[in-house]
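Peer 1: Let me begin by handing over the structure; questions about it come next.
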Ligand code: DP6
């Protein structure tokens with residue numbers, strides 16, 4: 001091994017990767033091991049200053065095995081998905097030289113060196129906020145930097161895809177398409193190399209958009225996406241109709257809506273796709289209920305129409321109908337958290353007012369821990385205190401219907417105000433590292 005004689009060196013890289021929200025959903029695999037999807041999907045990358053994974057990877061001749069810590073807790077790397085990502089990255093590793101410290105690693109050395117990985121999410125893990133997407137994107141990106149992998153971002157996305165499908169889209173900022181690839185089923189090594197993410201437009205292209213996430217539960221979701229989509233592929237006739245008849249056309253329409261910044265079309269397509277995804281979940285046998293109740297209000301499934309999922313959809317649909325044109329797009333992933341997208345700051349402040357009107361904080365929740373992220377939206381909405389929330393007027397679409405404006409305090413744990421954001425970045429500042437530079441263990 002062409003490294004310095006002393007064995008006490010540690011080389012590290014730290015990166016931050018965003019999460020993403022699909023506006024045309026990926027649901028269903030045609031190859032489970034390689035994670036090849038049955039349809040293309042499109043997502044918006046979320047601003048990593050509000051939602052992101054930070055990962056530090058370190059290598060040292062002193063490490064005796066690969067190890068990983070997630071949010072401070074050691075986890076096993078023995079799973080196939082981690083192993084595949086590590087193997088794919090190692091096989092593409094290049095020579096690395098740190099002249100100042102006299103470290104020199106030849107590309108053939110990487111197979112013999114072990115890594116330590118520490119990863120931290122600034123949002124709840126596995127609560128339906130695509131933590132695996134940000135996590136695997138960050139793992140692959142930071143390892144690629146550490147090991148001097150000179151592949152273009154699309155190739156890296158195909159590696160991240162093998163960790164978690166949606167992760168491939170987090171390798172880019174802005175608006176991203178995951179192309180399913182042409183090879184339908186193949187056992188060769190090269191299989192799936194055309195199933196990659198491509199950037200449709202960067203985060204500046206449509207930077208008026210404001211995204212508000214309503215987090216209703218930070219519990220781990222009951223059915224993982226992986227299991228859920230396997231069951232849908234095996235049992236749902238609607239999924240097969242969706243992937244062959246609906247999504248191909250919808251992808252073209254969504255690309256056009258994004259290209260021309262046509263919010264009404266973008267919103268209609270986003271809502272329709274989210275609703276169809278959840279219809280597929282209900283069409284699965286046994287049915288998957290991602291749109292469960294919040295932890296605060298447990299009602300039997302037979303009363304499901306009264307639950308959070310239908311409430312928020314009906315509030316948003318009512319507002320859109322009242323205005324005659326979509327004001328807001330809503331979408332839900334494999335969990336009950338709602339992602340709401342407004343065309344600009346003005347509409348976003350009206351949206352936030354409505355959300356706070358219907359779903360105020362419980363009495364023991366402080367405002368500053370209830371609305372997180374971009375505080376300028378909160379300011380625009382004229383909300384400085386909890387009394388301002390109590391004083392919010394009933395939305396006109398409810399008033400005009402003569403319906404009673406019901407409120408559901410405590411249904412939402414917190415809101416996050418964010419926007420489209422950029423792709424992964426490497427930190428140069430050692431202080432950002434999650435591993436100790438002298439021990440290679442979590443700080
Ligand atoms: C509903 O990417 O988490 O969020 O590939 O099995 O790891 P695996 O699944 P995952 O599924 C995401 C599903 C979704 C829709 C989407 O993000 O496109």
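The values are calculated or read from the model by the stated rules, or taken from the named source; none is laboratory data. From a predicted model like this one, the values you see are computed outputs, not experimental measurements. Note: ideal-geometry Cβ built from the backbone for every residue, glycine included; neighbour counts use all protein chains shown.
Peer 1: With 173, 163 as the choices, which residue is in the same structural domain as residue 39 (by TED's automatic domain parsing), over 15 Å from residue 85 (Cα atoms), assigned to a loop (DSSP other than H, G, I, E, B) and modelled with pLDDT of 95 or more?
Peer 2: 173
Peer 1: Being away from the ligand (no atom under 12 Å from the Cβ) and either at pLDDT 95 or above or crowded, with 21+ Cβ neighbours inside 10 Å (or both): is that true of residue 15 here?
Peer 2: Against the criterion (away from the ligand (no atom under 12 Å from the Cβ) and either at pLDDT 95 or above or crowded, with 21+ Cβ neighbours inside 10 Å (or both)), residue 15 qualifies.
Peer 1: Next question, about the same structure. Take the residues in the range 33-60 that are more than 18 Å from residue 171 (Cβ to Cβ) and modelled with pLDDT of 95 or more; name whichever of them is nearest to the ligand (Cβ to nearest atom).
Peer 2: 39
Peer 1: Right, another one. In the list 148, 121, which residue meets the criterion of being within 16 Å of the ligand (Cβ to nearest atom), farther than 23 Å from residue 37 by Cβ and touching a strand residue (DSSP E or B) at 6+ places or on another chain (Cβ under 9 Å)?
Peer 2: Checking each option against the conditions leaves just 121.
Peer 1: Related question: Which numbered condition trips up residue 98, out of (1) surrounded by fewer than 15 Cβ atoms within 10 Å (Cβ to Cβ); (2) in contact with a strand residue (DSSP E or B) (Cβ under 9 Å, 6 or more places away or on another chain); (3) at pLDDT 95 or above?
Peer 2: (3) is the only condition that residue 98 fails.
Peer 1: I've got another one for you. Return yes when residue 405 is touching a helix residue (DSSP H, G or I) at 6+ places or on another chain (Cβ under 8 Å) and surrounded by fewer than 17 Cβ atoms within 10 Å (Cβ to Cβ) and no when it is not.
Peer 2: Against the criterion (touching a helix residue (DSSP H, G or I) at 6+ places or on another chain (Cβ under 8 Å) and surrounded by fewer than 17 Cβ atoms within 10 Å (Cβ to Cβ)), residue 405 qualifies.
Peer 1: Return the pairs, sorted by first residue and then second, in which the second residue is surrounded by 15 or more Cβ atoms within 10 Å (Cβ to Cβ) and part of a helix (DSSP H, G or I), the first residue lies in the range 423-443 and is free of Cβ contacts under 8 Å to residues at least 60 places away in the same chain, the beta carbons are less than 9 Å apart, and the residues are 6+ apart or on different chains.
Peer 2: Matching pairs, first to second residue: none at all.
Peer 1: With (1) within 16 Å of the ligand (Cβ to nearest atom); (2) modelled with pLDDT of 95 or more; (3) assigned to a loop (DSSP other than H, G, I, E, B) as the list, and residue 93 as the residue in question, which single condition is left unmet?
Peer 2: Among (1) within 16 Å of the ligand (Cβ to nearest atom); (2) modelled with pLDDT of 95 or more; (3) assigned to a loop (DSSP other than H, G, I, E, B), the lone unmet condition for residue 93 is (1).
Peer 1: With the condition kept exactly as written, say whether any residue in the range 104-118 is within 16 Å of the ligand (Cβ to nearest atom), closer than 23 Å to residue 425 by Cβ and at pLDDT 95 or above.
Peer 2: no
Peer 1: Out of all the residues in the range 17-38, is one or more closer than 27 Å to residue 437 by Cβ, in contact (Cβ under 8 Å) with a residue 60 or more places away in the chain and assigned by TED's automatic domain parsing to the domain that holds residue 109?
Peer 2: yes
Peer 1: Here is a follow-up. Among the residues of the range 76-95, write down those that are more than 24 Å from residue 9 (Cα to Cα) and surrounded by 13 or more Cβ atoms within 10 Å (Cβ to Cβ).
Peer 2: Residues satisfying the conditions are 81, 82, 83, 84, 85, 88.
Every residue, every condition in (1) exposed (fewer than 15 other Cβ atoms within 10 Å of the Cβ); (2) in the same structural domain as residue 328 (by TED's automatic domain parsing); (3) touching a helix residue (DSSP H, G or I) at 6+ places or on another chain (Cβ under 7 Å), yes or no:
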| residue | (1), (2), (3) |
| --- | --- |
| 354 | no, yes, yes |
| 357 | no, yes, no |
| 367 | no, yes, yes |
| 372 | no, yes, no |
| 376 | yes, yes, no |
| 381 | no, yes, yes |
| 385 | yes, yes, yes |
| 391 | yes, yes, no |
| 397 | no, yes, yes |
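Peer 1: Taking the range 159-179 as the search range and keeping residues that are more than 10 Å from the ligand (Cβ to nearest atom) and surrounded by fewer than 24 Cβ atoms within 10 Å (Cβ to Cβ), which one is farthest from the chain's Cα centre (by Cα)?
Peer 2: Applying the filter and picking the extreme gives 179.
Peer 1: Further, regarding this structure: Listed residues 77, 86; which is within 23 Å of residue 152 (Cα to Cα) and not in a strand (DSSP E or B)?
Peer 2: That would be 86, the only listed residue that is within 23 Å of residue 152 (Cα to Cα) and not in a strand (DSSP E or B).
Peer 1: For the range 331-401, list the helices (runs of 4 or more DSSP H) that sit wholly inside it and hold at least 3 residues that are free of Cβ contacts under 8 Å to residues at least 40 places away in the same chain; which are they?
Peer 2: Once the helices (runs of 4 or more DSSP H) in the range 331-401 are filtered for at least 3 residues that are free of Cβ contacts under 8 Å to residues at least 40 places away in the same chain, what remains is 345-358, 375-380, 386-390.
Peer 1: Right, here's the next one. I need the full set of residues from the range 236-262 which are out of contact with any strand residue (DSSP E or B) (no Cβ under 8 Å at 6 or more places or on another chain) and either part of a loop (DSSP other than H, G, I, E, B) or surrounded by 15 or more Cβ atoms within 10 Å (Cβ to Cβ) (or both), in order please.
Peer 2: Answer for the range 236-262, where residues must be out of contact with any strand residue (DSSP E or B) (no Cβ under 8 Å at 6 or more places or on another chain) and either part of a loop (DSSP other than H, G, I, E, B) or surrounded by 15 or more Cβ atoms within 10 Å (Cβ to Cβ) (or both): 236, 238, 239, 242, 243, 246, 253, 257, 260, 261, 262.
Peer 1: Same structure, new question: Among what's in the range 212-234 and is outside any loop (DSSP other than H, G, I, E, B) and within 10 Å of the ligand (Cβ to nearest atom), pick the residue that is modelled with the lowest pLDDT.
Peer 2: If we take residues in the range 212-234 being outside any loop (DSSP other than H, G, I, E, B) and within 10 Å of the ligand (Cβ to nearest atom), then 225 is modelled with the lowest pLDDT.
Peer 1: Kindly indicate whether residue 190 is modelled with pLDDT under 95, in a helix (DSSP H, G or I) and in the same structural domain as residue 67 (by TED's automatic domain parsing).
Peer 2: Against the criterion (modelled with pLDDT under 95, in a helix (DSSP H, G or I) and in the same structural domain as residue 67 (by TED's automatic domain parsing)), residue 190 does not qualify.
Peer 1: Separate question: Collect the residues in the range 18-30 that are more than 8 Å from the ligand (Cβ to nearest atom) and in a loop (DSSP other than H, G, I, E, B), keeping them in residue-number order.
Peer 2: 19, 28
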